[in-house]
Amino acid sequence: MTTPRDILNQYNIKPRKKLGQSFLIDVNTIKKIAALARISSDDVVVEIGAGIGVLTREIAQIAKQVIAVEIDPYLVKALRDQLAFCSNIEIYSGDILKFDFSSISNKYNSKINVIGNVPYHISSPVIFHLLSARTDISCFTLMLQKEVVQRLVSLPDNKNYGVPSVLLQMYAEVERLFDVPATCFYPRPKVESSIIQGTFLEKSQVELIDEIFFSRVVKAAFAQRRKMLINNLKNAKFLEEFSDTELKEALDDAGVDGKRRGETLTLYEFGNLSNILKQKRQSR
Ligand code: SAH
């Protein structure tokens with residue numbers, strides 16, 4: 001069997017740091033990710049950063065169709081060569097951040113399962129891109145830096161709980177599946193990695209009057225982590241039309257003590273507070 005190392009040697013691939021290239025070389029980990037990614041034989045899978053195609057090949061054995069997205073033209077050439085014999089793999093040469101999930105979802109009339117060993121320098125933009133395309137995506141299984149995964153799955157009252165945790169968990173059920181040691185990659189990353197899996201919900205955890213307004217409230221609440229929530233709200237520019245008394249009223253209506261820190265609020269409290277503030281604005 002051709003190993004990931006063989007492929008790297010065959011194409012004389014010199015990993016490009018700038019593109020976050022760190023290839024999975026541990027065959028067991030590759031198989032484990034593919035097996036846990038909840039791929040069925042009806043699934044259309046988009047792979048982020050297919051690299052040398054080792055995970056791609058595993059997924060293609062299970063899925064109906066795989067769209068392998070890769071930005072590096074040299075790797076795209078190697079992928080086309082390597083995967084030429086697989087009839088259910090399409091290679092998309094380009095940037096995942098510009099990838100149009102809705103056109104693929106429409107084309108196959110199916111929600112997309114997203115998978116990938118994500119280049120770490122674009123992990124936040126990737127998560128936000130998936131969030132904005134969430135109605136076209138069923139679930140995702142991603143390798144990210146361990147700290148990023150800890151933040152994304154964190155619950156309130158924890159130092160890792162922050163804007164990304166709230167914004168993702170409002171729309172998705174998430175869990176950390178397992179950690180992957182640096183020895184499984186070439187070149188070895190300086191950081192540890194974990195696999196996160198998420199399922200986008202049909203409806204957000206709280207029905208939101210305005211999703212953009214909600215994300216602004218969340219960002220404001222965490223603007224200065226150590227400050228009381230009320231003070232963070234008072235300092236938020238987009239809320240400056242509200243007097244201190246009105247902000248206090250909104251917090252009371254939401255059943256949230258303004259002396260608490262943002263990091264103690266649950267998703268439901270954030271959702272309610274945002275809806276109440278939005279209603280107050282609308283009723284002016
Ligand atoms: N999935 C492969 C490679 C992971 S390394 C494996 O596990 O072995 C990350 C890959 O993402 C690299 O191949 C890199 O070229 C690619 N990449 C980096 N930035 C990207 C972007 N913006 N869009 C798509 N692919 C990208």
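In the chain, the DSSP-assigned H stretches of four residues or longer account for a calculated mean residue ellipticity at 222 nm of -11000 deg cm²/dmol, using -39500 (n - 2.57) per stretch and the full residue count as denominator. Working from Cα pairs under 8 Å separated by at least six residues, relative contact order for the chain is 15 percent. Two tests apply to each whole DSSP H helix in the chain, Cα reach of 30 Å or more along its axis and mean Kyte-Doolittle hydropathy of at least 0.0, and none passes both. If you sort the three axes of the alpha carbon gyration tensor as a ≥ b ≥ c, you get a/c under 1.5 for the stretch 211-282, which makes it rounded. Treating each Cα of the chain as an identical point scatterer and summing with the Debye formula, the log10 of I(q)/I(0) at q = 0.08, 0.17 Å⁻¹ comes to -0.40, -1.25. For the stretch 211-282, lysine pairs separated by 8 or more sequence positions, or belonging to different chains, with Cα-Cα distances below 14 Å total 8. Over all directions, the projected convex hull of the C-alpha atoms in the stretch 15-159 averages 9.0 nm² in area.
All of the numbers you see were taken from the coordinates with simple rules; none came from a lab. Please read these numbers as outputs of a predicted model, since none were measured by experiment.
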